Each structure stands twice: as structure tokens, then as C-alpha cells.
Amino acid sequence: VMFDIPDDPGIPILDALMIVVMVLFVLEMVINGIVDYKTYPLSFFFWMDALGTVSMIFEISSLLGPGGKMQTSGGGVDATLIRVARVAKVGARVGRLSKLMKCISYYLKDKDKRLDLSQNPAEAKKLSGRLMLTLSTKVSLLTILLVLAIPFFSIAQYPEQDLSMLVWGNKLEADYQRCYSDLNTTSMNTSSLLEDSVREMMTFYAVGTANYFPYRLDTFTEQVTLPDGRQVTIPGASLLDSQAAPRQLSDVMRITVTCKIDRPGCPANLYFNFYSPRRIEVALDMGLAAFIILLMIFVSANLNQTLHKLVVQPMESMLSVVKDNASELLKQFGLEDDMDADEDLEETELLEGIFKKFARLASLAAGRNEATAEELAGMDESARGVMMEMMNVQVATAAPVQETSANTSLRASAISAPPTGSEGLEENHHVMALSDLPDVPVIASLPVSRDTIESFDLDVLDLDSEGQTKVAVHIFFDTAVGKTTGRYWSEALTFKRFHAVVKAGYNNLPYHNYTHACDVLHTVYRLLSLTSARQWLGSVDQYALLVAALCHDIGHQGRTNPFLVELGNELALRYNDKSPLENMHCAKLFEIASNQDTDVFKQMDKETKKQARRICIAAILHTDNVNHFEMVREISKIYEMASDLCELQASQPDLLPQYIEQVMQKNSLQWLELFLHFADVSNPLKPFPVCQKWAWRVLDEFFEQGDEEKSLGLPVGMLNDREKINRPGSQHGFIQFLVAPLVFGTVRIFPDLHPVSTQMAENLAQWKTLWVEDAHPNEEDVAKKDADVQKIKDQAMELEARVM
């Protein structure tokens with residue numbers, strides 16, 4: 001524009017330059033997306049860059065650019081629209097120029113990451129308040145400055161509501177009409193009225209303050225043929241031929257007026273040369289762009305200084321204090337301080353490293369109540385005093401190995417190893433010790449094949465009492481899990497006496513009986529096997545969970561906790577209405593174990609026995625369904641926190657070290673509680689014939705409670721009224737709302753358990769079929785059930801596809 005290069009139909013040089021610039025912008029976006037792939041795509045800056053890049057098509061005349069397009073007016077000029085359009089255009093250009101500022105900022109970025117740490121850390125609330133006040137003040141000042149400054153860049157431009165051009169266009173058309181009428185009604189052959197008006201218009205723009213002028217008239221034909229055939233002349237349009245026409249079509253302003261006399265070429269057009277106003281407009285736009293860019297530089301520098309002072313310096317100071325204190329604490333406890341190994345460590349990585357160090361410290365101080373002589377030797381006197389006197393940390397000594405006792409050798413090895421799942425399992429230790437045991441099965445003959453026990457196809461309902469006992473003892477002593485748990489922590493004779501008392505402690509109920517205990521025990525065993533528990537869970541933890549599974553419903557009365565609370569039952573009174581049944585089960589378990597002849601924990605030392613007791617109590621208490629949805633929420637939170645690891649593990653045949661550490665061991669107690677509760681509600685996960693038999697037993701027990709509720713005049717539970725409940729229909733809701741969320745949440749974390757979710761979906765479809773046959777529902781109800789079944793199937797298939 002400034003060099004007055006013709007733009008009709010376009011400017012090839014400018015178009016080529018704009019195309020090159022647009023390609024560079026696209027390449028910049030691609031490079032940003034590759035380098036900063038985590039935050040740049042779909043971010044605010046991505047969309048700003050995309051907007052600036054796309055706006056380039058409005059600069060290329062062969063696309064949507066302004067080249068070869070004149071300004072027009074159809075009878076009115078919207079000043080607001082013109083201003084907004086111009087500001088938007090300038091804003092888009094400044095947005096594109098901001099890319100250059102971004103590159104400059106990268107080049108000028110301070111490479112020295114060491115900041116002044118002399119200031120004291122600021123409290124988070126005070127820091128937030130100061131930051132908000134400062135930023136809001138600066139933004140307000142920036143807004144006021146823009147509002148006041150931008151209008152100055154339009155002062156020298158032509159009046160945006162100059163209606164004189166339209167007035168002159170209408171006057172010329174009116175004079176042309178009068179000339180035509182006069183010549184048509186008289187014998188004259190010419191009229192000077194239009195010519196005089198054109199001269200007057202030229203004088204108006206020549207002597208006035210306007211820096212634009214008319215240079216052409218269209219459709220004001222001088223040679224006119226009247227209706228009677230006479231040829232007359234209406235001079236005037238040719239007077240403008242002497243005026244200079246602009247070289248660029250964009251410098252043309254066309255005023256269009258409606259013809260009052262119908263003639264070829266209508267409507268009539270009056271053209272103005274806007275060369276000078278356009279140059280002023282472009283110069284002011286460039287000035288405005290330069291002003292905004294300078295303002296951006298100033299504001300960016302000022303905000304950078306503000307953030308550095310209010311945020312970066314205090315944060316660096318806090319990080320320095322945390323780092324120094326952490327380093328000192330680690331040295332006090334004899335742990336290696338390697339936080340200075342990488343000087344380019346990001347702040348978040350530094351914090352993560354510090355907290356991992358603290359986790360190691362907490363594990364050392366609280367996870368095990370002992371320290372080796374080497375660890376104590378690396379501490380000073382005050383640290384040893386804290387460890388040994390205040391925290392009662394004992395000096396660990398190597399456990400003596402007695403060659404004559406295989407059991408003692410095995411026990412000593414395991415006790416010297418970390419006993420908890422969260423601290424890991426020294427697998428080689430167990431393997432070496434187990435080699436001393438005679439490989440003689442405790443159960444010589446099983447009622448079913450070993451392959452059946454190593455699957456979910458085992459139907460304990462088909463076994464007699466002796467067969468169920470054999471399966472239970474086999475799990476504790478002869479399976480892969482049993483050889484590292486039951487064989488080590490208990491003697492076969494003691495366990496058999498314990499098992500006999502536990503078995504006798506179960507009541508003869510339709511569901512909560514010894515058979516159910518065997519079924520849950522087997523399911524827990526399968527969960528431990530399928531999840532490779534020995535890689536992330538300690539031997540004592542696995543053993544305690546198996547004992548809890550065997551005893552989790554001992555003494556059950558066939559009535560629910562709410563029923564006992566409503567009646568004011570002795571158990572409800574004893575345990576203050578909080579999980580009375582589950583508390584009773586725990587109490588009975590340890591009451592049996594308190595007898596020397598039936599103490600399945602007697603070969604444990606004091607601390608290990610506490611660990612086993614803690615696991616048994618936690619796992620059994622969490623079989624109370626009142627904790628169900630909280631458990632579902634907790635495992636969902638864990639998955640969300642480690643979803644990337646879980647998804648990665650799903651595609652791997654073996655457990656990944658980081659998955660073991662960050663998911664399994666980190667939440668080991670949560671998984672112990674989950675496994676027992678999962679097994680307790682696992683009936684819908686078994687083959688459908690087994691699933692159906694257990695479902696009928698559950699309902700029979702519910703119905704017995706419902707009968708008692710009726711006899712006592714109590715409200716009958718929704719699942720307890722044998723006269724109203726539809727048996728197959730009740731299973732649909734049980735699976736959909738209670739079991740499925742738990743199963744899907746569990747399988748997301750433990751990918752190898754996906755077959756149970758598939759079986760659950762198949763069972764739900766079977767229950768729907770039985771419900772249709774039994775209840776004869778309407779089509780709408782059937783459609784709803786079909787939708788529920790399909791949703792469960794889709795989720796199961798999605799989880800199965802992860803491991804394919």
C-alpha cells in the first residue's frame with residue numbers, strides 16, 4: 001500500500017511473501033506441537049497461533065485477501081463496523097507479530113536458573129492475595145491505557161461518517177433526471193445542469209479539507225436517445241476524465257445510487273480516489289501495531305518481574321528450605337543425599353524427589369522398628385538417641401539358622417525379610433528356605449482335579465463336607481501360595497485343629513455357612529494367584545488374608561446388620577451398631593487363635609502377629625457392605641492417579657517394576673481389603689450354574705429374615721419378601737449397581753482379572769432371559785434391561801481388549 005503497487009487483480013510479490021510467512025507459521029505450530037506435546041496442543045497459545053495462521057488467508061489476494069477489491073458504500077456507512085473491522089485486522093496482525101516476540105523471548109530468556117533466595121517464604125494465602133491484587137491492578141491500568149490511547153490513532157483519518165459522497169451521488173442522479181425530463185419536453189438538444197453540478201462537486205472537494213476526490217462517473221451517459229428518437233446531449237461525466245485514477249483498486253471508494261431514469265448500466269456509480277486517506281490509515285495502523293507491540297513488551301517484562309518477585313523468589317526460597325532440611329534429615333538417618341546430582345532438575349521433579357526421600361525416611365522410622373548396625377554407625381549421637389530411645393528402634397541381628405529344623409530356618413528367613421507388602425517381598429529368601437521342606441502334600445487325594453481348583457469353575461456346593469475341608473487345607477498348604485504361607489506360618493496339625501473349630505463355628509444357614517467360607521477362600525486364593533501377589537505382597541499378608549477369608553462369616557446368624565440394630569440385638573449393643581456381625585467374626589477368629597492348640601499365628605513373633613491381626617481385622621470389617629461404595633471410590637481414585645501405569649501394564653505379560661512399586665505395594669492394605677470383599681460378592685462372577693445356585697441360597701436366607709420381620713411387625717426389606725420379589729429380576733439390580741462398579745474398577749487396576757468381568761456380563765444376560773420368561777414384562781421394560789446388559793457387555797469387552 002505504501003509503495004502504491006497496483007493490486008488489480010493482485011500483488012504477486014506480496015502474495016508470495018504472505019504464503020511463505022503462512023508456511024513458516026504452520027511449521028512453527030508443528031514444531032511447538034512436537035517439542036511441547038504435553039501442553040501446547042489445544043492450549044490457549046495453540047488456538048491463538050492457529051487463529052493468526054488462518055488469518056493469513058485474508059492477506060493473500062488469490063484467496064480472501066483485499067487485493068483488487070475496492071471500498072463501497074450502499075447508502076450508509078456504519079462507523080462502528082468500520083472501526084471494529086480495522087481493529088480486528090490490526091489485532092490479527094499484531095497477534096502474528098507476537099510470534100516474533102515469542103522467539104525473541106526464547107532468545108533473551110535468562111539461562112541462569114539460580115535466583116535470589118534471600119527472601120523468606122511467603123504463606124500461600126498471602127501470596128495469592130498479593131498476586132491477585134497486583135495483577136488486577138496492572139490489567140486495569142493496561143485496559144485504561146488502551147482505551148485512552150487507541151482513539152489517537154484514528155484522529156487523522158477521513159471522517160468515517162462523511163455522507164457528502166452519498167449526497168453528491170444522489171444530487172447528480174437527480175440533476176441527470178431533470179436534464180432528461182427538460183430535453184424530453186422541450187426542443188433543446190443539450191442541458192448544462194449536470195455539467196454545472198459536476199464542476200461544483202469538483203470544486204467542493206478541491207477547496208475543502210477532504211484529501212480524497214471524485215474521478216469517474218458510471219452510467220451518466222452523455223449521448224442519450226429520447227423516446228421520440230431524438231439524439232440529445234447531457235454533458236458532465238467527461239469532466240472527471242481529467243482526474244487521476246488510483247493505481248490500486250483498494251484505493252477506490254465506490255458510491256452507488258439508485259437510478260431515477262431506467263437506462264443501461266444501472267445502478268449509477270460515483271468513484272472517489274482514496275489514495276491519501278488509505279496511506280494515512282495504513283500509517284496509523286502500523287503505528288497502532290507498533291504501539292501495541294511495545295506495550296506487550298513492556299507489560300510482559302513488568303509481569304515477568306512481578307511474578308519473579310511475588311512467586312518465583314518465594315517459591316525458590318521455600319524449595320531451598322525444603323531441600324536443605326530434607327538433605328539434613330536424610331544425612332541424620334544415614335541415607336544418601338543425591339538431590340544435587342542433577343542441577344537442571346525441574347522444581348516439580350525436585351519436590352517429587354524430596355517426598356520420595358521422606359517416604360523412605362518414614363518407612364525406615366515407622367515401617368519397621370529396627371535398624372542395622374551399619375545404618376546406626378552412619379548416624380551421629382543425637383540421631384542414634386532419637387532412634388533407639390525415643391522411637392525404640394532395635395538393632396537388627398541376623399537370625400540364627402538351625403540346620404536341624406527346616407521350619408525354623410524358613411521362619412527366620414522370612415522374619416528377617418520385610419514382613420509387609422508395602423515394603424516388598426524378598427522372593428529368593430522364601431525359595432531358598434522352602435527347598436528345605438519335604439515336598440509331600442498335606443492332602444494326598446483331592447475331591448476334584450488340581451486344574452479345577454486352579455480355575456473359577458470349582459463348585460464347592462457339589463462337594464461334601466469332607467471334600468470342602470480337603471480343598472481348604474490344600475489351598476493353605478499344597479498350592480503355590482500355600483507353600484509360601486500356610487506351610488511356613490503354621491503347622492499342619494495346629495491348622496487342622498483350628499480349621500475344625502472354625503468349621504463348627506459356622507451355623508447351618510442357606511448361605512452364610514461353611515460352604516460359603518470355602519468358596520470365598522478359594523476365590524481369594526485365585527485372586528492372589530492371578531495377580532502374582534507374591535511379587536508385591538509379603539508372605540504374612542497373604543497368609544493373614546487366607547485366614548480372614550476362612551473365618552470372615554464365622555458365627556453368622558443369617559440376619560443383616562440393620563436387622564440386628566433395629567432389634568437392639570446383643571451384638572449391636574456390644575459393638576455400638578457399627579458392623580456388629582463383622583466385629584463378631586473378628587472376635588471369634590482371635591478367640592479361637594487364643595488357644596495354644598488352635599493358634600495358627602503362634603509361630604510368628606510379636607510384631608508379625610500384630611501385622612497379621614491388623615490385616616485380618618481390616619479385611620473382615622470391610623466385608624460389611626456399608627463400606628462398599630467407599631471402596632469403589634477409593635479404587636477409582638487409585639486408578640485415576642496411576643491410570644497410565646495400569647494401561648501400560650495391561651499390555652505386558654509380566655508385572656512392571658514401576659507398576660509393582662507405585663500401584664501394588666503402595667496400596668497393599670487396600671488390595672487386601674478389596675480381595676476379601678470382592679470374593680465375598682463374587683457369586684455373579686462364577687459360571688452361571690454355580691452363580692444361580694448361590695443366588696437362590698442368598699434369596700432363601702433373605703426370605704427367612706423377611707418372614708421374621710413380618711412376624712415381629714417390622715418393615716420387610718425390599719429383597720426379603722418372598723411373595724413380592726422376582727428372583728431373576730433381583731439379580732439384575734444386584735449385579736448392575738453393586739457388583740459391576742466394583743468389578744470394573746478392580747479389573748482396570750488388575751488387568752489379568754478381565755475374565756471375571758466377561759463372565760459377569762454373560763451371567764447378566766442369562767438373568768435377563770430368565771426374568772423375561774418368569775415375569776413376562778412389557779417391551780419397554782425389556783428394552784431397558786437389554787440396554788443395561790449391553791452396557792455391561794461393552795465395558796467388559798473394552799477391558800478384555802486391553803490385554804489382547
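Highest mean packing first, where packing is the average number of other Cβ atoms within 10 Å per residue, the peptides 488-498, 770-780 line up as 488-498, 770-780. Under the criterion of Cα pairs below 8 Å and six or more residues apart, the relative contact order for segment 615-720 equals 26 percent. Across segment 749-804, Cα-Cα pairs farther apart than 14 Å form 56% of the total. FRET efficiency for residue 138 and residue 651, Cβ-Cβ distance as r, R0 = 45 Å, nearest 0.05? Once rounded, the FRET efficiency stands at 0.35.
Every Cα-Cα pair of segment 440-486 was included, and the share exceeding 14 Å stands at 44 percent. Its alpha carbons give segment 719-777 an Rg and a Dmax of 13.5, 41 Å. Packing-based ranking of 751-763, 688-700, 568-580 yields 751-763, 688-700, 568-580, ordered from highest to lowest mean Cβ neighbour count within 10 Å.
Would you mind calculating the gained length between residue 578 and residue 444 on full extension (0.36 nm times residue separation, minus the Cα-Cα distance), in nm to one decimal?
Working: separation 134, 0.36 × 134 = 48.24 nm, distance 4.31 nm.
Roughly 43.9 nm would be gained on extension.
Taking segment 669-793 on its own, what percent of its Cα-Cα pair distances exceed 26 Å?
28 percent
Summary of the geometry: segment 618-691 and segment 462-515, compared by the centres of their Cα atoms, lie 24 Å apart. Surface composition of segment 200-267: carbon and sulfur make up 53 percent of the accessible area, probe 1.4 Å.
Translational diffusion of segment 192-332 was estimated from the Stokes-Einstein equation, with Rh taken as the Kirkwood radius over Cα pairs; at 37 °C and 0.692 mPa s the coefficient is 154 µm²/s.
Cα centroids of segment 716-763 and segment 202-239: 90 Å apart. Peptide packing for 670-680, 472-482, 503-513 was compared via the average number of neighbouring C-beta atoms within 10 Å per residue; ordered from the highest value, the list is 670-680, 472-482, 503-513. Of the accessible area of segment 608-748, computed with a 1.4 Å probe over protein heavy atoms only, carbon and sulfur atoms account for 56 percent. What the Cα convex hull of segment 518-661 gives, in volume per residue, is 142 Å³.
Dividing the alpha-carbon radius of gyration of segment 596-684 by the rule-of-thumb value 2.2 N^0.38 Å gives 1.32. With viscosity set to 1.002 mPa s at 20 °C, what whole-number translational diffusion coefficient in µm²/s follows for segment 458-511 from Stokes-Einstein and a Kirkwood radius over Cα pairs? Calculated translational D: 177 µm²/s. Taken over segment 512-587, the percentage of Cα pairs per 5 Å bin, counting from 0 up to the bin with the maximum distance, is 3, 16, 21, 18, 14, 13, 9, 5, 2, 0.
The residues of segment 609-668 expose, per residue, 54 Å² of accessible area to a 1.4 Å probe. About the centre of its Cα atoms, segment 553-628 shows a dipole size close to 240 debye [charges on the beta carbon of Lys, Arg (+1) and Asp, Glu (-1) only; nearest 20 debye]. Pull out a ≥ b ≥ c, the square roots of the eigenvalues of the alpha-carbon gyration tensor of segment 613-653, then state rounded if a/c is under 1.5, prolate if not and a/b is larger than b/c, and oblate in the remaining case. Here segment 613-653 falls in the prolate category. Accessible surface area normalised per residue over segment 708-804 is 52 Å², counting heavy atoms of protein chains with a 1.4 Å rolling probe.
The values are calculated or read from the model by the stated rules, or taken from the named source; none is laboratory data. For clarity, every value in this text was computed on a predicted model and none was experimentally measured. Heads up, the Cβs are rebuilt from the backbone with ideal geometry, glycines too, and the neighbour counts pull from every protein chain shown. For the accessible areas, the whole protein counts, side chains as well, though only heavy atoms, and no ligand, DNA or RNA atoms are used. Shrake-Rupley method; radii C 1.70, N 1.55, O 1.52, S 1.80 Å.
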